[in-house]
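Student: Let me begin by handing over the structure; questions about it come next.
The values are calculated or read from the model by the stated rules, or taken from the named source; none is laboratory data. This structure is a prediction, so every number in the text was calculated from the model and none was measured. Using ideal geometry, Cβ is built from the backbone for each residue, glycine included, and neighbour counts are taken over all protein chains shown. Keep in mind that these areas ignore ligands, DNA and RNA; they rest on the heavy atoms of the full protein, side chains included. Shrake-Rupley method; radii C 1.70, N 1.55, O 1.52, S 1.80 Å.
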Amino acid sequence: VWVAIDPATKLLLAIDVGERTLATAQRFVHHVTQVLAPDCAPLFLTDGFRAYLTALLTHFGHWMQPPRRQAKGPMPEPRWMPLPQVLYAQVVKTTRRRRLVQISRRVVFGTLEAVEQVLASYGWQINTAFIERVNLTVRQHVAAVGRRVMTLCKHAAGLRQQLAPYHTYYNF
């Protein structure tokens, strides 16, 4: 289950179902961008899944021609770069034998100062606690997502049907 929230307003922006692949990440980021204002480039905080980088870059990127570093020779290839206002940080958790041993935080797009400035206005730091709390709430309220339950959902479409009323209920 893929979930995106706005931690300031506690609104559930998008909820989707799918494998942990690049295609699903791009589809999910597309859902999130449809909910946001057209000129909005928010701060994204995620786990260390690499597909988020490509998915965010696809929706919040542009082509940039790097400057030439030498007088002769071919021009460097254009690069797909993030928009300057996009901020993206990751929380990477390292586990050994099913125990959490290390948490590292890294800024992928933007600067650490810019990310901390946005988070400082709310008194927060780089973490994924909000989304982890929402994931637990979803598991408790939607039977097909819970662990060790008798209710099973055999297809993603059926799970989406169960999550749609919860999405509305949560935001109400």
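Student: Counting Lys and Arg as +1 and Asp and Glu as -1, each charge on the Cβ, what is the dipole of the chain about the Cα centre in debye, to the nearest 20?
Tutor: Here the chain has a charge dipole of around 900 debye.
Student: While we're looking at this one, here's another question. Using R₀ = 25 Å, calculate the FRET efficiency as 1/(1 + (r/R₀)^6) where r is the Cβ-Cβ separation of R147 and F49; round to 0.05.
Tutor: In this case the efficiency is close to 0.75.
Student: Can you tell me the dipole magnitude for region 34-107 around its Cα centre, using point charges on the Cβ only (Lys, Arg +1; Asp, Glu -1), in Debye to the nearest 20?
Tutor: 660
Student: Based solely on its DSSP helices, what 222 nm [θ] is calculated for the chain when runs of n ≥ 4 H residues each add -39,500 (n - 2.57) and the sum is averaged over all residues, nearest 500 deg cm²/dmol?
Tutor: Rounded to the nearest 500, it is -11000 deg cm²/dmol.
Student: Once amide H atoms are placed 1.01 Å from N in the peptide plane, what residues at a sequence separation of 5 or more from V108, or on another chain, have their amide H within under 5 Å of its amide H?
Tutor: For V108, whose amide H was placed from the backbone, the distant partners under 5 Å are Y88, A89, Q90.
Student: Let me ask something additional. If the convex hull of the alpha-carbon atoms of region 122-172 is projected onto planes in all directions, what is the mean projected area in square nanometres?
Tutor: 4.7
Student: Related question: Sorted from largest down, give the three principal axis spans of the alpha carbons of region 99-138, whole angstrom values.
Tutor: Principal extents (Cα only, largest first): 31, 24, 17 Å.
Student: Return the loop-located trypsin sites (Lys or Arg not before Pro) in region 1-62 (DSSP other than H, G, I, E, B) with at most 10 other Cβ atoms within 10 Å of their own Cβ; answer none if there are none.
Tutor: Loop-located and lightly packed - R20, R50.
Student: Whenever you get a sec, compute what percent of the accessible area on region 110-172 sits on carbon and sulfur atoms (1.4 Å probe).
Tutor: 56
Student: Can you list residues whose amide H is under 5 Å from G48's amide H, if they're 5+ apart or on another chain and H is modeled 1.01 Å from N?
Tutor: Amide H to amide H, under 5 Å and 5 or more residues apart or across chains, G48 pairs with V91, K93.
Student: Which ³J(HN,Hα) values, rounded to whole Hz and listed in residue order, are derived for region 155-163 from phi using the Karplus coefficients 6.51, -1.76 and 1.60 in 6.51 cos²θ - 1.76 cosθ + 1.60 with θ = phi - 60°, glycine and proline given as x?
Tutor: 9, 5, 5, x, 5, 4, 5, 6, 7
Student: Next question, about the same structure. Hey, what's the Kirkwood Rh for region 81-172 if you take every pair of different alpha carbons, in angstrom?
Tutor: For region 81-172, inverting the mean 1/r across all distinct Cα pairs yields 16.4 Å.
Student: Would you report the distance distribution of C-alpha pairs in region 1-67 as whole percents per 5 angstrom bin, up to the bin with the largest distance?
Tutor: Once binned at 5 Å, the Cα pair distances of region 1-67 give 3, 15, 27, 27, 15, 7, 3, 2, 0.
Student: Let me ask another. How large is Rg over Rh for the chain, taking Rg from the Cα atoms and Rh as the Kirkwood inverse mean of 1/r across Cα pairs?
Tutor: Rounded to two decimals, Rg over Rh is 1.03.
Student: Could I ask something else about it? Putting +1 on Lys and Arg Cβ atoms and -1 on Asp and Glu Cβ atoms, find which of V138, Q70, S121 reaches farthest to the positive end of the dipole of region 46-172.
Tutor: Result: V138.
Student: May I pose another question? Tell me the trypsin sites (Lys or Arg not before Pro) within region 98-172 that lie in a loop according to DSSP and have at most 10 other beta-carbon atoms within 10 Å.
Tutor: Those satisfying the criteria are R98, R147, R148, K154.
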